[in-house]
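What follows is calculated from the coordinates using simple rules that are stated; it is not laboratory data. The structure displayed is predicted, hence computed values, not measured ones. With ideal geometry, Cβ positions are generated from the backbone for all residues, glycine too; neighbour counts draw on all protein chains shown.
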Amino acid sequence: MISSDCLRLPLLCLALGSTFALTACAGDDATDEMSDETGDGDGDGDGDGDGDGDGDGDGDGDGDMTGDGDGDGDGDGDGDGDGDGDGDGDGDEKPNLGDTPNVLCEAAITNLGMIVAENDSGEPDAMTIEAAYVDTGLQEFVQLAGAVTGRIEDGVLIDDAAILASLEAGEALDMVDVEWRIYLIMQQYIRHEITDVAGTLPDPLNDRALLYARWDAAYCYWDGALRPLAQVADGIGLQGDTIEADIDAAFERGHAGIEGEQPWAIDEWEVPAAKQQAEKSHYTFASRLVGQWSADAAGEADPDLAAIYAREAYGAFQLIEDRIATKNTPAIAQIEDALLGDPSAIDAAEIVADMNIAFVKRTRRYTDLAVVDDLLGTPGAFASANEGATYSKLVEPFMLELEGFDQDAYRQTWATYIEAIAADDLATAEPASQELTDWNCQFQAALGIAECTHAMDETE
C-alpha cells in the first residue's frame, strides 16, 4: 500500500519534473456489436465538433488534428503527408510511437502540471490555477476535446463550464475538482481518438499519417497526464496489477498495427484489440484509486485531509461512472453521495463491492461470446476477448477470496481462449470458455448477484 502521505493528492510523491516532462510527445464510442461501448457523437453535425467545416476537430481549417497548419495530418509541418518529416512524400520508415509533434498537447500538459503542483502544495491558490487554465493551451484543449467528444449540453461545453465554475468558487476542494475534470476530459478524448483509429475501414484514400497523429495524440495525453495516476494505482499493490505497463503495451501494440498488410489498412486483429486493452486498463487505475482514497478518507482523523481524500475518490469515480451504469446503476448515486458527504461515514468496502458488481458483469459478456455466437476466427471476437481479459483484471485481485482460485492460471486460460479464437479452434476454446465462465459466476455469487449475468442491472 502507498503511505497516507503519498496518497494525499494523486502526484504528491511523484517527481513532477520527470512525470510531466514530455517524452516523444512530438489521439462510450461507436464500435461493433461485440463491444459494450456506446456512442459519443461530436455535437455539431459535421463530425468534428469545431465548427469550421473541415472535419478535423482542431479548428485551424487545415483538415488535420495536429494544429501545425500544413494540412497533411502528420504534424511534422512538411506538407507531404508521409509523417517522416523530410518533405519528399516517400514514407520510407514507419514512425515510432509518439513521434508526431503536438504543440497543443505540450501546452496542455505543461499547464496541467502547474495546477497539480499548486494542489500538491496543500494551500492551492485559485488565482494561480486560474492563470494556468484561462486563455491557455490547456483551456483550448478542453474546449476542443469537449466538442470532438460531444460533451455539450444546451450549446455549452460542459467540461470547460464546470472548470470555470470551480475556479469562481475558489475553495481548495474546488481546485481538486478542476484537476480531476481535466483528467476526465483527457480520458474521454483518449477513448474517442483510439476508438476512431481502431474503427478505420480499409481505403486507399486513408491518410496513414493522420492515423498515426491521432494515435500519438492519445498517447501524449496518457503519457503526460494520466500515467502518474496509473503509477499511484500500481503502488497500491493489488496482486497482479501492472496497469502502467499494460497501457504502454496497448499503445505500442496499436501503433504497430496502424499499417497492416496494406499501408492504407490497419491491422484489423491488433488495433481494435489494443484499443480495448488501453481503454479498459484506464478503468482499472481509476477503480483502484477510488477504493484506496475512499478507505483513506474514512480513516483519516484530520477532517480537511479526509475531505481531500474523498474528493479525489469522487474525481476518480467520474472516469468509470458510465461503466457502472446499466450494470449496477443504483450504486452510482450511493457512491457519489457517500464521497461528497461525511468522510467518516464512507464504507470503502461497500464502494469496492459495488464497482466489482458492475465490472464482473461486464467481464461475463466476453467469457463465452465467441463460442455462443459462433464467432471464432473473426477479428471482432478476438478484440472482444481482449476486452474481456482486460475487464477481468479489474476484479481478479478480489476473486482471490474464492476457494481454489489461481490468478495466474486464470489469466493463462484467458490467453488460451484468445489464441483459440484467433486460430478458429473450437475444441480448445470451449473448455477455456467454460472455465472462465464458471469462475466469473462464482464471483458473482460471492458478491450477492442473484443470477449470473452480463446484462441485468441491479435494482434498489
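When the chain is fully extended, how far beyond the present Cα-Cα distance does residue 128 get from residue 372, taking 0.36 nm per residue of separation?
82.2 nm
Report the per residue volume, in Å³, of the convex hull enclosing the C-alpha atoms of the stretch 322-384.
Expressed per residue, the convex hull around the Cα atoms of the stretch 322-384 is 86 Å³.
Taking each pair of distinct Cα atoms in the stretch 265-341 once, what is the resulting Kirkwood hydrodynamic radius in Å?
Mean inverse Cα-Cα distance, inverted, gives 13.8 Å.
Find how many whole Å separate the alpha carbon centroid of the stretch 195-246 from the alpha carbon centroid of the stretch 117-149.
Centre-to-centre (Cα) distance: 22 Å.
If you project the alpha carbons of the stretch 188-248 onto their three principal axes, what span does each projection cover, largest first, in Å?
For the stretch 188-248, the Cα spread along each principal axis is 47, 21, 16 Å.
Tell me, what is the FRET efficiency for residue 415 and residue 340 to the nearest 0.05, using R0 = 35 angstrom and their Cβ-Cβ distance as r?
Efficiency, from the Cβ-Cβ distance: 0.30.
Among the chymotrypsin sites (Phe, Trp or Tyr not before Pro) in the stretch 403-460, which ones are in a DSSP loop with at most 16 other Cβ atoms within 10 Å of the Cβ? Mind listing them?
Those satisfying the criteria are 405.
If you average the sequence gap of Cα pairs under 8 Å that are 6 or more apart and divide by the length of the stretch 347-460, what percent do you get for the contact order?
It rounds to 36 percent for the stretch 347-460.
P(r) tail for the stretch 214-261, what percent of Cα pairs lie past 14 Å?
That tail contains 55 percent of the Cα-Cα pairs.
Rg(Cα) of the stretch 92-145 divided by 2.2 N^0.38 Å?
In units of the 2.2 N^0.38 Å rule of thumb, it is 1.45.
Using only the C-alpha atoms of the stretch 191-321, find the volume of their convex hull and express it per residue in Å³.
It comes to 97 Å³ per residue, whole-number rounded.
Karplus couplings for the stretch 117-131 from phi (6.51 cos²θ - 1.76 cosθ + 1.60, θ = phi - 60°), rounded to Hz, Gly and Pro as x?
4, 5, 5, 5, 5, x, 9, x, 9, 4, 5, 5, 5, 4, 5
Just the projected area, averaged over all directions, of the convex hull on the alpha carbon atoms of the stretch 237-387: how many nm²?
10.5
For the stretch 345-460, what D do you get in µm² per second when you plug the Kirkwood radius from alpha-carbon pairs into Stokes-Einstein at 20 °C and 1.002 mPa s?
149
If neighbour count is taken as other Cβ atoms inside 10 Å, put 154, 424, 196, 223 in order from fewest to most.
Result, fewest neighbours first: 154, 424, 196, 223.
Say each of residue 406 and residue 347 gets a label point 7 Å from the Cα, pointing the same way as Cα to Cβ; how far apart are those two points in nm?
Between residue 406 and residue 347, the simple spin-label model gives 3.6 nm.
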